[in-house]
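Input: a single structure, listed below in structure tokens.
Read-outs throughout are calculated quantities, based only on the coordinates presented, and are distinct from any laboratory measurement. In this text, all values refer to a predicted model and were calculated from it rather than measured experimentally. Here Cβ is always computed from backbone atoms with ideal geometry, including for glycine, and neighbour counts include all displayed protein chains.
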Amino acid sequence: MLDKLKTYFALKDGPGRSSFFSWNAPVFLFTNENVSGYLERIGGVSGKDVLSVAAGGDHAFISLLSGANNVDMFDLNYLQKHIVELKSKMIKYLPYSDFMHFFFDNNRFFSSDIIRPIWKTFSPGLNTFLLMYYRHKNNRIFRYASAQHMDYDVSQIPYLSNESDFRDLSKLVPEKFHFEQTDITKISKKFTQKYDVILLSNIFEYMYPDVCDLSERMLFFYNSVLCPVADNNLSQLGGKICLHYAWCTEPVQWEKFMNSFQHYVANSIDDFNLCHHKFSTVDIKSSCKQNSSFLRPSDVVLVMTQNLKQW
Ligand SMILES: C[S@@+](CC[C@H](N)C(=O)[O-])C[C@H]1O[C@@H](n2cnc3c(N)ncnc32)[C@H](O)[C@@H]1O
């Protein structure tokens, strides 16, 4: 009941537009990151427990396809949970061609005919989300107004570009994911479990908008997000946080930045802290289409690894 009411209030005047991200902002349908690229580069997630931002569910789906044991999710935007449920159930119970038409065929985008056979499996909240959409047919509910946007690169998302991955995923997607609606700064209060890998997407980019200096912003992020999450929710032996995703950028500059941040942390962290934090960067193939002044633009992921100190 609460789920239904919350969804109704989230959408009754259209999606929230007061800030770029909020509890009822327009939803992301697919990822714009090369998720499989960086999961592989950080050592994979096979057999591991993962905590991820929900967004359109792709970080979770790709983690499961890469062998993750379990994926839990959080998001500030309550409505993302409906997108994750909708996609999960379509992947589980409908054929690949229906899924692709529903999202990527302009003439059948969000066609109710396609999902009618599985409507009874939907939660009351997802039901309300879809009914509100069909009543108003307002594509502003979607970030980028639909799935037809160049930022959604189908070739980067394995279960979209490869039908056999879609079929494999249908056997891996659970009936229900553990989802918590929360701001990133409160993760450690909402989740009690420890995870081997935590995926934070590019949320960092939008935090502390009043602070211009990148080092200062990273320091705030380290103290208010990374340290509490590492203390409470990250495996002490090699647990990794993918703490930021940057597109079409210069890897060397990020490497230098992370090295100097590493020096700062090494000199400032409490000596009695059981763990130490190591920062690194991985660069991966970019699908960026904009002209770049860089010689070899890549996408870059910033990674923090936690390990027990050797005394
Ligand atoms: C940062 S966005 C960007 C899209 C992302 N690159 C992707 O691949 O989907 C991803 C998700 O982060 C969520 N988000 C943004 N700020 C947040 C915050 N402070 N706490 C928790 N989630 C947040 C948004 O609601 C959105 O669903």
Relative contact order computed over the range 182-308 (Cα-Cα under 8 Å; 6+ residues apart), in percent: 32 percent
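Over the range 1-50, what portion of Cα pair distances is larger than 17 Å, expressed as a whole percent? The partial results should precede the final answer.
Details: 723 of 1225 pairs.
It works out to 59 percent of all Cα pairs.
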How much FRET efficiency would the formula 1/(1 + (r/R0)^6) give for Leu308 and Thr185, where r is the Cβ-Cβ distance and R0 is 30 Å, rounded to 0.05? 0.75
So for the chain, taking the charge dipole from beta-carbon charges (+1 Lys/Arg, -1 Asp/Glu), which of Val225, Phe28, Val211 sits furthest toward the positive end? Phe28
Considering the dipole of the chain built from charges on the beta carbon (Lys and Arg +1, Asp and Glu -1) around the Cα centre, which of Val303, Thr281, His178 is farthest to its positive end? His178
Sort 171-180, 23-32, 95-104, 50-59 by packing, meaning the average of other beta carbons within 10 Å per residue, with the highest value first. 50-59, 23-32, 95-104, 171-180
Please give the charge dipole size of the range 16-142, origin at the Cα centre, charges +1 on K and R Cβ atoms and -1 on D and E Cβ atoms. Round to the nearest 20 debye. 460 debye
Run lengths n ≥ 4 of DSSP H only: what is the helix-derived mean residue ellipticity at 222 nm for the chain, with -39500 (n - 2.57) per run over all residues, to the nearest 500? -10500 deg cm²/dmol
Name the cysteines of the chain that stand alone by the Cβ rule: no other cysteine Cβ under 4.7 angstrom. Cys212, Cys227, Cys242, Cys275
Report the Rg/Rh value for the chain, based on alpha-carbon coordinates and the Kirkwood definition of Rh. 0.97
Could you tell me the extents of the range 193-252's C-alpha atoms along the three principal axes, largest first, rounded to whole Å? 33, 24, 17
Global size of the range 182-308 as Cα Rg and Dmax, reported in angstrom: 15.0, 48
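Could you work out the relative contact order of the chain, using alpha carbon pairs under 8 angstrom and six or more residues apart, expressed as a whole percent?
Numbers: 511 pairs, mean separation 60.2, N = 311.
With pairs under 8 Å counted, the relative contact order is 19 percent.
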Cα centroid separation, the range 63-101 to the range 159-185 (Å): 4 Å
Averaged across orientations, what area in nm² does the convex hull of the alpha carbons in the range 128-210 project? 9.0 nm²
